[in-house]
Amino acid sequence: MAVLEIVRMGHPVLREVARPLADEEIQSPDLIQLIEDMTDTLHAAGGIGLAAPQVNRSMQLAIIEIGETPGRYGDLPAAPLIAYINPTITVLSTEEEGFWEGCLSIPGLRGYVERPHYIQVDYLNLQGEPSRILLEGFLATVFQHEFDHLQGKLFIDRMQDTRLLSFEDEFAQFQLE
Ligand code: NI
């Protein structure tokens, strides 16, 4: 088990466009080890997604896992941990939906972000096979947030109203009912 350091906003790697992974890297021991370490890191941090640039590896790779924590993220179905390699997003509906987002690289803050509600994600799985999923609602937001990290973007860049940026304590006090 190896928990990696999560870099925070201000580290330049978070502002780089990450490089795509080559076919021969995808099942390499180095990449498998990195995904295991990212999994340990995500679990230690208690998050639902982690992108490789957040552990200072500028690669098109992110992991997402929705655990069995009823209520924490609304009525989300649990989703097993999956690694997404070289992902691309296609917006399927111009309709947008807003959610409060947080980020392990911006600890202590929450921000309200509106994003497309319905998307298609194309990616390579751990075997290097092309895969496709359709996502809507909060899950669509989670995937867009994680894959933004691979383009050097953070959720604060997507905020339309920076008055809706809050520390977690104040968020719990004033925004949650
Ligand atoms: Ni993030």
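With the charge dipole of the chain set up from +1 on Lys and Arg Cβ and -1 on Asp and Glu Cβ about the Cα centre, the Cα lying farthest toward the positive end among the listed residues G111, Y84, A172 is that of G111. Here the relative contact order of the stretch 119-166, from alpha carbon pairs under 8 Å that lie six or more residues apart, stands at 23 percent.
About the centre of its Cα atoms, the stretch 18-177 shows a dipole size close to 260 debye [charges on the beta carbon of Lys, Arg (+1) and Asp, Glu (-1) only; nearest 20 debye]. Centre-to-centre separation between the Cα atoms of the stretch 112-138 and those of the stretch 1-30: 19 Å. Listed peptides 121-134, 41-54, 78-91, 146-159 appear in the order 41-54, 146-159, 78-91, 121-134 once ranked by packing, highest mean of other Cβ atoms within 10 Å at the front. For the stretch 12-175, a Kirkwood hydrodynamic radius built from all Cα pairs, placed in the Stokes-Einstein relation at 37 °C and 0.692 mPa s, yields a translational diffusion coefficient of 201 µm²/s.
Compared with the dominant Cα axis of the chain, that is its longest principal axis, helix 137-149 is turned about 60°. The antiparallel fraction among DSSP beta bridges confined to the chain stands at about 95%.
Only the coordinates and a few stated rules stand behind these numbers; no lab work does. Small disclaimer: the values here were computed from a predicted structure and weren't measured. FYI the Cβ positions are ideal-geometry reconstructions off the backbone, even for glycines, and counts take in every protein chain you see.
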